[in-house]
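Beneath this line is the structure, given in structure tokens, with notes to follow.
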Amino acid sequence: MRLPIRAVTPKTEFAEIIGWVHEVRDLGGLSFFLIRDRTGIIQVTIPKKKVPAEVLDTARNVSRESVVRVRGRVKAIEKAPGGREIVPEELDIISIAESPLPLDVAEKVPAEMDTRIDSRFLDVRKPRVRAIFFIRSMVTCAAMEFLASRGCINITTPKIVAAATEGGTELFPIAYFEKEAFMNQSPQLYKQMMMAAGFEAVFEIGPIFRAEEHNTIRHLNEATSLDVEVSFADHNDVMDLLEDLIVHVYGCVRETCADQIAELGVDLTVPAKPFPRIPYTEAIDIANRAVEEKLSFGDDLSPAAERAIGDVIGQHYFIVDWPTDIRPYYAMPYPDRPEFCKAFDLMHPRMELSSGAQRIHDHDLLVARIRAKGLSPESFEFYLRTFRYGMPPHAGWGLGIERLVMTMLDLSNIREAVLFPRDRHRLMP
Ligand code: AMO
């Protein structure tokens, strides 16, 4: 029976494994193969005079990255990976790989990001790259388990919609029979509508689509957002929840992904609570002490400003109390100083991870805010009507999964954290 490679130890007597040929070395009388599956790498040693003729024959024809089955005796050997090797009695090629390979999975020849993404299925065979996606899987599983334990209901909302969510121009139009439709930018309106539906606490992990034209190392045109919305909660309550989630997720990854963390060579420290909460005006002051292009009240934070503040704070933090004018129409203004609103961003020292707010739950105020943004309340009627039949106060946030993984693992490009990134120039694979 096939054993995962990791389960073959120096004490195993006999093993059958199936995996990809990671490396081939021929030293004349002796040849070595490294065979890889998702659990690890093992050396297969072929002393030419001591193995069956069929094994030798097959070994001569096998190419790197072919899938092979090996059955043989296991020997403890110090110098080999994992301190053991297999001397095969049987060797079959299950699926031969063409040569040359478009990409060196053993990473002896480095490849540009574009080459890597062009052959992503091969790129992801690299233990280092696979480790990223193993951890990403743990991040989303841990987040879901955490939110379920806090009473949040997992929902799924439409990705094909008739109206912009965030206002803005970053919409992908699509042809929807005889109507115009768009790929949804955010589950925002739907998660709020579920508050009117009485669900009280919901979450969704799903794609968001942003037609941002610029190609940067931290933007995707299709990203994954973890969205949360909670009734009878204000911005502080949902910041507490977000902070707890981040700490929980980091803790789970540290506990369960030690091998992957070691493979990536990152120092994964669980962030300490509470995260500082810095008012927007103070954040601007901190940034202006460091950046050349000074910011004024009402400016969004430039990447340089974010980095400057991050350098000073040195850990995860929130920027709170934003000017109402630069936040979406649904953010709740403070009643006593309506030029500021109950919105926040969760920041990693390198970049923004999440945005959120307490929402306006008063119908007429919401209509006024939509108008003030130059949008038409008519196109939001499906959303606005849910505010006319009993809408509880509520708050929530959206957290970018790729950015969370990127900052957690200190990746230099957001594309490292997506299997098949969509950017300005890429629709394939
Ligand atoms: P916002 O637009 O700030 O807020 O998005 C929330 C988070 O989603 C991630 N994100 C992206 N990641 C990669 N590429 C992109 N193009 C991209 N766009 C967004 C970021 C960002 O912080 N409706 C609100 C959330 C809310 O208030 O609940 C919203 O969508 O990490």
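No value in this document is a laboratory result; all are computed from the given coordinates. Model, not experiment: these values are computed from the prediction. Heads up, the Cβs are rebuilt from the backbone with ideal geometry, glycines too, and the neighbour counts pull from every protein chain shown.
The slack in the chain from Arg371 to Asp325, taken as 0.36 nm per residue of separation less the alpha-carbon distance, amounts to 15.3 nm.
Taking the Cβ of Leu171 as the center, what net charge do the other residues with Cβ under 11 Å away carry, scoring Lys and Arg +1 and Asp and Glu -1? Residues near Leu171 contribute -3 overall.
Computing FRET efficiency as 1/(1 + (r/R0)^6) for Arg69 and Asp311, where r is the C-beta to C-beta distance and R0 is 56 Å, gives about 0.60.
Seen against the Cα atoms of the chain and their longest principal axis, helix 235-256 is set at about 10 degrees. Computed from label points 7 Å out along Cα-Cβ, the spacing between Phe172 and Asp267 is 3.9 nm. Springs join every pair of Cα atoms under 10 Å in this Gaussian network model of the chain, and among Ala59, Ala395, Ala308 the largest mean-square fluctuation is at Ala59. A Gaussian network model of the chain, with springs between Cα atoms under 10 Å, assigns the largest mean-square fluctuation among Ile370, Ile96, Ile41 to Ile96.
The share of Cα pairs per 20 Å bin across the chain, counted from zero up to the longest distance, runs 22, 46, 24, 8, 0 percent.
Can you find, among Ala59, Leu103, Gly72, the residue sitting farthest towards the positive end of the charge dipole of region 12-138, where Lys and Arg contribute +1 and Asp and Glu -1 at Cβ? Of the options given, the answer is Gly72. Full extension of the chain between Asn154 and His363 gives 72.6 nm of extra length, using 0.36 nm per residue less the Cα-Cα distance.
Okay, which of region 80-122 sit inside 16 Å, backbone N to the point 7 Å along the Cα-Cβ direction of Arg2? Taking a point 7 Å out along Cα→Cβ of Arg2, the residues of region 80-122 whose backbone N falls under 16 Å are 91-97. Let me check I've understood the local charge: for Gly28, count other residues with C-beta under 12 angstrom from its C-beta, Lys and Arg +1, Asp and Glu -1. What total comes out? Combined, the nearby Lys, Arg, Asp and Glu give +2. Using R₀ = 45 Å, calculate the FRET efficiency as 1/(1 + (r/R₀)^6) where r is the Cβ-Cβ separation of Phe32 and Asp240; round to 0.05. E between Phe32 and Asp240, to the nearest 0.05, is 0.25. When peptides 328-336, 80-88, 186-194 are ranked by their average number of other Cβ atoms within 10 Å per residue, the highest-first order is 186-194, 80-88, 328-336. When the helices of the chain are scored as -39500 (n - 2.57) per DSSP H run of n ≥ 4 and the total is divided over every residue, the value at 222 nm lands at -8500 deg cm²/dmol.
From the alpha carbon centroid of region 225-248 to that of region 101-151 is 27 Å. Taking Phe387, Phe318, Phe232 in turn, the Gaussian network model of the chain (Cα-Cα springs below 10 Å) assigns the largest fluctuation to Phe232. Computed over Cα pairs, the Kirkwood radius of region 82-173 leads via Stokes-Einstein (1.306 mPa s, 10 °C) to a diffusion coefficient of 85 µm² per second. The orientation-averaged projected area of the convex hull spanned by the Cα atoms of region 255-344 comes to 8.1 nm².
Rounded to the nearest 10 degrees, the angle from helix 363-372 to the longest Cα principal axis of the chain is 80 degrees. Between Ile217 and Asp299, the modelled labels are 2.3 nm apart [label points 7 Å from Cα along Cα→Cβ].
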